């Protein structure tokens, strides 16, 4: 009878430990899915920007044909940015840096294009261009919002996998830290405005 009680206690303890571990594991999976879902939203808004660019370039090309170098830079940067994708299960510091670099190059090329546009008053008055520019500005705002949401979700996940005792389960099952979007180089320095 005493052996039976000991066996029951041991079995009950094992069941409790397994249930506890399963609860933690399921919570980690849910948190990881939130990160990956938020990453999909980030990719969605970046894709929207990439989809707007060919129309924008085509509209500018009609007015500024001799600005071929700038237009080609935008097209090449868009191509590189759309080829740089990340599988959310392989989201790490290196892949995030590559993604951010490609997107930063596209942003830089778009900025140069907008400077070129300033030289063409007829283009700035074109309704198609104005609509595309407005959509692009809205998309840039969405990108900033979704990046912020991703960072919040990644922070919650990273905090969760580092807390005791979840960190034990997380390390046993390979739940790795997710990287954050970082501010672009030079973002901390305020731009000089000269009149």
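Taken together, the values in this text are just the output of simple stated rules run on the coordinates, not laboratory data. What you are looking at is a predicted structure, and each value in this text was computed from that prediction instead of being measured. With ideal geometry, Cβ positions are generated from the backbone for all residues, glycine too; neighbour counts draw on all protein chains shown.
On the Cα set of the chain, report Rg and Dmax in Å, please.
Cα-based Rg and Dmax for the chain come out at 24.7, 95 Å.
Using helices alone, what [θ] at 222 nm do you get for the chain, with -39,500 (n - 2.57) per DSSP H run of 4 or more residues, divided over all residues and rounded to the nearest 500?
Values: 6 runs with 151 residues, N = 195.
Computed ellipticity for the chain at 222 nm equals -27500 deg cm²/dmol.
Which value in Å is the Kirkwood Rh of the stretch 37-111 over different Cα pairs? Show your work: numbers first, answer last.
Working: mean 1/r = 0.0762 Å⁻¹.
This gives a value of 13.1 Å.
So what's the angle, to the nearest 10 degrees on a 0 to 90 scale, between helix 68-83 and the longest Cα principal axis of the chain?
Result, in degrees: 10.
Quick one: if the Förster radius is 45 Å, what FRET efficiency do residue 76 and residue 33 give, using the C-beta to C-beta distance and rounding to 0.05? Walk me through the numbers on the way to the answer.
Values: r = 35 Å, r/R0 = 0.78.
About 0.80, to the nearest 0.05.
Mind checking the angle between helix 127-162 and the chain's longest principal axis? C-alpha axes, 0 to 90 degrees, to the nearest 10.
20 degrees
For a Förster distance of 35 Å, can you work out the FRET efficiency between the beta-carbons of residue 131 and residue 68, rounded to the nearest 0.05?
On the way: r = 24 Å, r/R0 = 0.68.
Efficiency, rounded to the nearest 0.05: 0.90.
Quick check: pseudo-label points 7 Å beyond the Cα along Cα→Cβ at residue 85 and residue 4, how many nm apart are they?
Each label point is offset 7 Å from its Cα along the Cβ direction, giving 6.2 nm.
Which FRET efficiency value, to the nearest 0.05, do you get for residue 163 and residue 25 by plugging their Cβ-Cβ distance into 1/(1 + (r/R0)^6) with R0 = 22 Å?
Working: r = 14 Å, r/R0 = 0.65.
The pair residue 163/residue 25 has a calculated efficiency of 0.95.
In degrees, nearest 10, range 0 to 90: what is the angle between the Cα axis of helix 2-63 and the longest Cα principal axis of the chain?
Tilt of helix 2-63: around 0 degrees.
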